[in-house]
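Single-structure report; data block below.
The values are calculated or read from the model by the stated rules, or taken from the named source; none is laboratory data. Small disclaimer: the values here were computed from a predicted structure and weren't measured. Cβ: placed from backbone, ideal geometry, glycine included. Neighbour counts: every protein chain shown.
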Amino acid sequence: MFLVIGVCNTMTNIYSLRKNETGITWCQIMILIFVGIWLIGILCIIKIQKESGYFIIFGVLGTLMTWIFQDTIKGVVAFVHLRLNHLLYIDDWIQVPKLNVDGEVKRITLTTVTIYNWDTTTSSIPTSVLHNDHFINLQRMTDGKTYGRQMLKTFILDTGLFHPLTAEEIESLKQREEVKAYLLDEDFKVGELNAHLFRLYVFHWLMNHHYVSQEPRLVVRWLEQKDTGLPLQIYGFIMEGGVLAYEWQQSQIIEHIIEALDWFGLQLYQRPSSHDVSNIPNSLTEKVLSRKEETL
């Protein structure tokens, strides 16, 4: 009796995720002990002659019990794998794309993992899923133990507005303190393509941004030309990993880039709407329709 209690206490300490979170019920521990006894029994029964009826009975019962507890056994293997490799803890933020799970881990047992999703729903998934399928643990990023959270945004620019800068446009850009603070005098060249100067500005502005990390990489590049325009992609890391802080900083960056487009005579591409088409000047009418008139 004391031996069993000692074994249970030892296993509880070994497999508990935190000192204040056991995460395994006594029933689950007894299942582990049962599996261990069954394995030991197999080793002992092998010594019995094959003609013995006990061997046949034990083999049938063992097969039956394995089939009944197959999910539990898979859960044990998955739990041990996650625990020994430090892949999952209580309060970790995880994502399981296959099951549309995105939230904080609230409870872990040998058989199930309970997650409180950001949309205020609760998901309970088999522990074995985290061993067999792909899942993402974002906790290290949230805790600031990485370079930050990845930001990957693409802006499709209207190439119809790409043009060499004139002396007047160069002088106008120099008058803007926001632009002059991040570009060198030699960057302002008459005849320089406005899209090129805009890309340089965005890169240097992000390089000096307090919440944008320069590691492991910060890239501002053109992607392959599309029939809708030329995509400008920003690939970097925001040092604020929390959901609210990250989204706020990302939105601030996007809004600034959209604002800066006008300084360089550029704009985002947008497919023409019915309002745009209705207001194209033509020889039939010179009246510009309002949105209310368009719906009539």
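Tell me, which residue of region 217-254 that is in contact with a Gly (Cβ under 9 Å, 6 or more places away or on another chain) and surrounded by fewer than 13 Cβ atoms within 10 Å (Cβ to Cβ) is nearest to residue 197 (Cα to Cα)?
For region 217-254, the residue satisfying everything is 219.
Among the residues of region 159-175, which ones are within 16 Å of residue 187 (Cβ to Cβ) and either within 38 Å of the chain's Cα centre (by Cα) or not assigned by TED's automatic domain parsing to the domain that holds residue 189 (or both)?
173
Can you find a residue that is outside any loop (DSSP other than H, G, I, E, B), in contact with a Lys or Arg (Cβ under 7 Å, 6 or more places away or on another chain), surrounded by 14 or more Cβ atoms within 10 Å (Cβ to Cβ) and at pLDDT 65 or above anywhere in region 255-262?
No - not one qualifying residue is present in region 255-262.
Could you grab the pairs with beta carbons closer than 7 Å, sequence gap of 6+ or different chains, first residue in region 212-238 and assigned by TED's automatic domain parsing to the domain that holds residue 194 and over 18 Å from residue 251 (Cα atoms), second one surrounded by 11 or more Cβ atoms within 10 Å (Cβ to Cβ) and at pLDDT below 90?
Qualifying pairs under 7 Å: 215/147; 216/147.
Just checking, which of 131, 86 is surrounded by fewer than 16 Cβ atoms within 10 Å (Cβ to Cβ) and at pLDDT below 85?
Among 131, 86, only 86 is surrounded by fewer than 16 Cβ atoms within 10 Å (Cβ to Cβ) and at pLDDT below 85.
If I filter region 68-91 down to residues being in a helix (DSSP H, G or I) and aliphatic (A, V, I, L, M), which single residue comes out as farthest from residue 113 (Cα to Cα)?
If we filter region 68-91 for residues that are in a helix (DSSP H, G or I), which is where we start, we get 68, 70-84.
Subsequent filtering for residues that are aliphatic (A, V, I, L, M) retains 68, 73, 76-78, 80, 82, 84.
Numbers: 68: 20, 73: 15, 76: 12, 77: 14, 78: 11, 80: 13, 82: 12, 84: 17 Å.
Of everything passing the filter in region 68-91, 68 is farthest from residue 113 (Cα to Cα).
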